[in-house]
1. Does at least one position in the range 285-305 carry a residue that is out of contact with any helix residue (DSSP H, G or I) (no Cβ under 8 Å at 6 or more places or on another chain), modelled with pLDDT of 95 or more and assigned to a helix (DSSP H, G or I)?
2. Identify, please: which residue in the range 117-137 is part of a helix (DSSP H, G or I) and free of Cβ contacts under 8 Å to residues at least 12 places away in the same chain and is, among those, farthest from residue 208 (Cα to Cα)?
3. Among the residues of the range 104-116, is there at least one that is part of a strand (DSSP E or B), surrounded by 16 or more Cβ atoms within 10 Å (Cβ to Cβ) and at pLDDT below 95?
4. Residues in the range 26-62 that are in a loop (DSSP other than H, G, I, E, B) and within 25 Å of residue 196 (Cα to Cα): how many?
5. Do you know which of the residues in the range 221-234 that are in contact (Cβ under 8 Å) with a residue 40 or more places away in the chain and not in a helix (DSSP H, G or I) is surrounded by the fewest Cβ atoms within 10 Å (Cβ to Cβ)?
6. Could you check how many residues of the range 281-334 are free of Cβ contacts under 8 Å to residues at least 24 places away in the same chain and under 26 Å from residue 135 (Cβ atoms)?
7. Go through the range 185-220 and count every residue that is surrounded by fewer than 22 Cβ atoms within 10 Å (Cβ to Cβ) and assigned to a helix (DSSP H, G or I).
8. So which residues in the range 128-150 are surrounded by fewer than 17 Cβ atoms within 10 Å (Cβ to Cβ), within 22 Å of residue 70 (Cβ to Cβ) and modelled with pLDDT under 70?
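The values are calculated or read from the model by the stated rules, or taken from the named source; none is laboratory data. Predicted, not measured: the structure shown is a model, and the values here were computed from it. Note that we place each Cβ from the backbone using ideal geometry, even for glycine, and neighbour counts take in every protein chain shown.
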């Protein structure tokens, strides 16, 4: 398991590379050009700036999250081919600086949805929160206004240029069924996977967050069965999944431990985080400790160890603790604590193996 840490870049993150370097076992950053509109080819000079910054601290930048997919590709419009060509060119450029994995998603309009960014937990910390009844009854424009007004940083999936087109986007998606979205995803993969194969890059789709349809929009990567179908669309080692325990874990029916075992070899990237799911469908993000949430984090890490996982892993969203001013879900302190919890489980497995051989 190769531990990495998401970093949003100088001037767009409260966490510094110097701090990341000091977290035990972290060897690289998970990065992206967050100021680039979806569908645009990434410029080489900006890519090299990130490489120079990471190199200065001895951190690699082998994982990119996200090269966002333009909505025209998801909608299956004739204009998609130009955006797919830009995507291929970006893949080629990223390979030249050592990128090995690209995390992306195929969620219509919204990459993720929460109703509160700083919901208080019993211990006084705050975390990202999803209130199902609000989403079920709320106009999407109301949610956009609420979230956008709380953001001091760029947030993937909530880019201003995308949100300005909310009404026409929803109108376009009225004609798109879940099966249409599957066909459009297959077309996209058939186009880009050969490029990824030539350059030794694994594409790793992120599951839907939350893992069910919202606002009448189709969502298709949300279960063991859907991941199985995804991997069969283009049967290549370069067509993989970012197995996110938090996104999938919002549905307690998802057996993530079983997924780790079944999809061994097709998980280049693991997002590991915990959520506490309530009977009414609400959920809140918690510490990584298994007993604090609904997701068996310890069991998931054990499964990765048992399957010989050598991919990348990062602690996903953390709480906001110790009065840290930070990007929602992406403070330093709780994610660093999360890493130590993950290493603790991992090291205990390794120690157990050594004891058996002795």
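1. Of all residues in the range 285-305, those out of contact with any helix residue (DSSP H, G or I) (no Cβ under 8 Å at 6 or more places or on another chain) come to 291-292.
Going one step further and asking which of them are modelled with pLDDT of 95 or more, we end up with 291-292.
Still in the running and assigned to a helix (DSSP H, G or I): 291-292.
Yes, because at least one residue in the range 285-305 is out of contact with any helix residue (DSSP H, G or I) (no Cβ under 8 Å at 6 or more places or on another chain), modelled with pLDDT of 95 or more and assigned to a helix (DSSP H, G or I).
2. Of the residues in the range 117-137, the ones part of a helix (DSSP H, G or I) are 132-137.
Subsequent filtering for residues that are free of Cβ contacts under 8 Å to residues at least 12 places away in the same chain retains 136-137.
Working: 136: 17, 137: 20 Å.
It comes out as 137.
3. Filtering the range 104-116 for residues part of a strand (DSSP E or B) gives 104, 116.
Narrowing the set further to residues that are surrounded by 16 or more Cβ atoms within 10 Å (Cβ to Cβ) leaves 104, 116.
Narrowing further to those that are at pLDDT below 95: 116.
Yes, because at least one residue in the range 104-116 is part of a strand (DSSP E or B), surrounded by 16 or more Cβ atoms within 10 Å (Cβ to Cβ) and at pLDDT below 95.
4. Here is the first cut: in the range 26-62, the ones in a loop (DSSP other than H, G, I, E, B) are 32-43, 57-59.
Remaining after also requiring within 25 Å of residue 196 (Cα to Cα): 32-43, 59.
Total satisfying the criteria: 13.
5. Initially, the range 221-234 is screened for residues in contact (Cβ under 8 Å) with a residue 40 or more places away in the chain, giving 221, 229-230, 233-234.
Imposing the further condition that a residue be not in a helix (DSSP H, G or I) reduces the set to 221, 234.
Working: 221: 25, 234: 20.
Restricting to residues being in contact (Cβ under 8 Å) with a residue 40 or more places away in the chain and not in a helix (DSSP H, G or I), the top hit is 234.
6. We begin by selecting, within the range 281-334, every residue free of Cβ contacts under 8 Å to residues at least 24 places away in the same chain; these are 290-292, 322-323, 333.
Checking the rest, the ones that are also under 26 Å from residue 135 (Cβ atoms) come to 292.
Summing the residues that are free of Cβ contacts under 8 Å to residues at least 24 places away in the same chain and under 26 Å from residue 135 (Cβ atoms) in the range 281-334 gives 1.
7. 10
8. 148
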